Structure formats: structure tokens, C-alpha cells
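What follows is one structure encoded as C-alpha cells, with my remarks underneath.
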Amino acid sequence: MLKYNICFIKRGAEILLLNRERSSWMGCWNGIGGKLDPEETPRDSMIREMEEETGIGSYSLKFKGLVTWTGDDFDFGGMYAYVAEVPENFEYATPVRTDEGILDWKKINWILHADNVGIVPNIPITLPYMLNEQECFNHHCMYEKGKLLDIYHERISPDIETDEVSREIFFQSCIAKQQASICRL
């Protein structure tokens, strides 16, 4: 049901980010990712996207959960979230211009800084979970008029990445929660 994926490639105290030249989040620093192709698993899609966007082929890839969203002007959506780790001495010279934007290594403390307005707004809130927690989470972002209002973090089973039945049950419960919320308004 989710159409997208995102990955944060970690090298020591840095993350490889993309300054996007297209919607969504044009002009903001974001993780690497994209759309799942039909019949593609979330992990296979993430591996393909990383190869296409960075050319990096050697890393440790961990499923970290989901980033989902609802808003007053769009329905439930989201992406599968991953962290890939490369060795601290991994050579990858940046900045690099790509079809998607500019890739560059950014210090984690810069990414998380409260005054940083150049980063996608949910990243400083969700990234610490992805980097520091062993469990998987659904980070549900609520938007109003394009602005992030709140994020709820819910532990989820890592099986959601690979088990289609678990995934479908979870997504149906999310949609039911959204509809119940709309009915209360």
C-alpha cells in the first residue's frame, strides 16, 4: 500500500543527504529514496534506489519502520524507512550533482539542530529513533496546510517489511484510525 521508501546512509557521525530539486520537499535536505516499482518488495526497491541515486553498493541495510502521514488536503500515505551503514573510512566524495539534486555528507548534529530550517521537518524528530532504537516504529506525521503539526511514534513489528498479511492488517488499522478521527471532527 505504501508507494515510497527512504534511507539514511550513515558514515560515522555523518549522513548522506540529498538536497531535492523536485517535489516533494524541493530545496530541502532529505534521505535517499523513491517509489516502489510494481511487484517490488520494499527492501528490493530500497536497494535499487540506493544504487540509482548514489552508486553505493556495499553497506549494512536495516529496516527501521515506517514514516506515514495524513493531512487536511491528502489521504493516508507513507514510506518504508531504512538506515544503511558504511564504514567510517568509506570514501565517497561530495558534493555530487545527480538528476534528483545534490548529494552531500551532513553531520548528524547539524541535521538535528533546532535552528535548521533546510531539512525536511520530520527528520530531526524521526532520525534519532532510527539511529538509536533497536525496535521498528511507525512515525505518523500529521500535516495541516502543508505544515507538520505533530508526530506520533508507535512500535511496530519488523515483519511489516516482509510479511504482506501483517502489512495489510497494519495499513487497514491506520486507515480506520484516520476515518474515526475525521468522524469526530
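Worth pointing out:
- The number of residues in the stretch 134-156 being open to solvent by less than 70 Å² (accessible area, probe 1.4 Å) and free of Cβ contacts under 8 Å to residues at least 12 places away in the same chain comes to 1.
- Meets criteria (in a strand (DSSP E or B) and either open to solvent by 40 Å² or more (accessible area, probe 1.4 Å) or out of contact with any helix residue (DSSP H, G or I) (no Cβ under 9 Å at 6 or more places or on another chain) (or both)) for residue 99: no
- Of the numbered criteria (1) without any contact (Cβ under 8 Å) to a residue 60 or more places away in the chain; (2) surrounded by fewer than 17 Cβ atoms within 10 Å (Cβ to Cβ), the one residue 104 fails is (1).
- Extreme residue, least open to solvent (accessible area, probe 1.4 Å), among residues of the stretch 34-66 that are out of contact with any Lys or Arg (no Cβ under 6 Å at 6 or more places or on another chain), under 11 Å from residue 4 (Cα atoms) and in a strand (DSSP E or B): 66
- Meets criteria (under 20 Å from residue 24 (Cα atoms), part of a loop (DSSP other than H, G, I, E, B) and of a type outside the set (Ser, Thr, Tyr)) for residue 89: no
- Contacts under 7 angstrom Cβ, first residue in the stretch 164-184 being modelled with pLDDT of 75 or more and polar (S, T, N, Q), partner in a helix (DSSP H, G or I) and surrounded by 11 or more Cβ atoms within 10 Å (Cβ to Cβ), 6 or more apart: 166/159; 166/160
- Within the stretch 110-118, one or more residues are touching a residue at least 24 places away in the same chain (Cβ under 8 Å), touching a Pro at 6+ places or on another chain (Cβ under 9 Å) and closer than 26 Å to residue 29 by Cβ.
- The stretch 1-26, residues that are in a strand (DSSP E or B) and either among the β-branched types (Val, Ile, Thr) or open to solvent by 10 Å² or more (accessible area, probe 1.4 Å) (or both): 4, 6, 9, 10, 11, 14, 15, 19, 20
- Test set (1) closer than 20 Å to residue 87 by Cα; (2) open to solvent by 20 Å² or more (accessible area, probe 1.4 Å) - residue 31 fails condition number: (2)
- Here residue 89 meets each of (1) open to solvent by 70 Å² or more (accessible area, probe 1.4 Å); (2) closer than 16 Å to residue 8 by Cβ with one exception, condition (2).
The values are calculated or read from the model by the stated rules, or taken from the named source; none is laboratory data. Just so we're clear, the structure is a prediction, and the values are computed from it rather than from any experiment. Note that we place each Cβ from the backbone using ideal geometry, even for glycine, and neighbour counts take in every protein chain shown. Note: accessible area is taken over every heavy atom of the protein model, side chains too, but ligands, DNA and RNA are not part of it. Shrake-Rupley method; radii C 1.70, N 1.55, O 1.52, S 1.80 Å.
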